[in-house]
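One structure below.
The values are calculated or read from the model by the stated rules, or taken from the named source; none is laboratory data. Owing to the predicted nature of the structure, the values given are computational and were not obtained by experimental measurement. Positions of Cβ are backbone-derived with ideal geometry, glycine not excepted, and every protein chain shown enters the neighbour counts.
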Amino acid sequence: MENKIIVITSRFGSLSEFFDLWLKSASRNKDVDFLILTDIDIKCNADNIMVEKYSSFKQFINEVNEKIGYNTGIVTPFKTADLRPAYAFLFEDIIKQKYYERYGNKGKYDFWGYCDTDLIFGDLSHFISDDTLDNCDVFQTWGHFTLVRNIDKFNQLYGACYKQYKLKKSLKLPENCMVEEGPFILQLHAAGARIDSDVRRIADIKRNVFEFTVDGQNYKGQRFIYQSGKIIRIIENEGQICVVDEFMYMHFMSKPSIASTTTKQNPALLQG
């Protein structure tokens, strides 16, 4: 793929119980680079997995405060998700350096993005192609995975007001405001960004529902299989296994006990 992509995530203090699965599935998607901001020793030999190590969460926040020009008031790693609209600005030097280390020239990434680590990636190249990216500026609009075209017009939106919203005010609040899913997407839309978002690409496990259900069509007894780097949904019909469709990734949301138990028993099979 000609378009170069960097997806940024962060883990401070401890790794989630999904992290090993996330890391292995991310490393198989060679067309996408992943940058992990962390204070943890993370080992991975895959070329597309890059780590920016901080001595502590406090050091990370101090550098964020200095770069953004005010005290954000962030005291917990969970709250850092609200920094996502500012990632391209906050980490522009790191992003440039990682590009140079990866590709050996002074070019730049065509898209930057962010993602959660409570998911397992399927084959991203099945959904993200040059043709797709050439015809959009924003790919997917969810906090668990979004790509944004790497241009100043969009990278500087974090500092702009949108109606009653302002990032600085949101960062002062103790709770996670999910600005990357709400106000930031509205800002991008207002700035003329071409948005390509389709919930049917994602196996997004519903909250407070035991079965693994997704937005859109669901099937009785559906199962989600991670096989050969793909997330595939299958059903059993009159004793025959039928492949229904393929997903970009499976997102576990707030159901760690179900997903963890299932994946530990059989990491290749997630059954609803």
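Overview of values
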item: Residue in the range 49-69 that is closer than 30 Å to S125 by Cβ and over 16 Å from the mean Cα position of the chain (by Cα) present; result: yes
item: Every residue from the range 123-172 that is closer than 22 Å to Y226 by Cα and hydrophobic (A, V, I, L, M, F, W, C); result: L124, F127, I128, W142, F145
item: Qualifying residue in the range 118-129 (condition: within 20 Å of the chain's Cα centre (by Cα), closer than 19 Å to T80 by Cα, in the same structural domain as A81 (by TED's automatic domain parsing) and crowded, with 21+ Cβ neighbours inside 10 Å); result: yes
item: Pairs where the first residue, in the range 35-48, is in a loop (DSSP other than H, G, I, E, B) and the second is hydroxyl-bearing (S, T, Y) and modelled with pLDDT under 95, C-beta under 9 Å, 6+ apart; result: I40/S14
item: Filter result for K96 (free of Cβ contacts under 8 Å to residues at least 24 places away in the same chain, farther than 14 Å from S10 by Cα and touching a helix residue (DSSP H, G or I) at 6+ places or on another chain (Cβ under 7 Å)); result: no
item: Meets criteria (more than 23 Å from R28 (Cα to Cα) and modelled with pLDDT of 90 or more) for I258; result: no
item: Of all residues in the range 7-31 being touching a helix residue (DSSP H, G or I) at 6+ places or on another chain (Cβ under 6 Å) and within 21 Å of Y109 (Cα to Cα), the one that is surrounded by the most Cβ atoms within 10 Å (Cβ to Cβ); result: I8
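Residue by residue, here is whether (1) of a type in the set (K, R); (2) in contact with a Phe, Trp or Tyr (Cβ under 8 Å, 6 or more places away or on another chain); (3) crowded, with 17+ Cβ neighbours inside 10 Å holds:
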site: W112; (1), (2), (3): no, yes, yes
site: G143; (1), (2), (3): no, yes, yes
site: D152; (1), (2), (3): no, no, no
site: R201; (1), (2), (3): yes, yes, yes
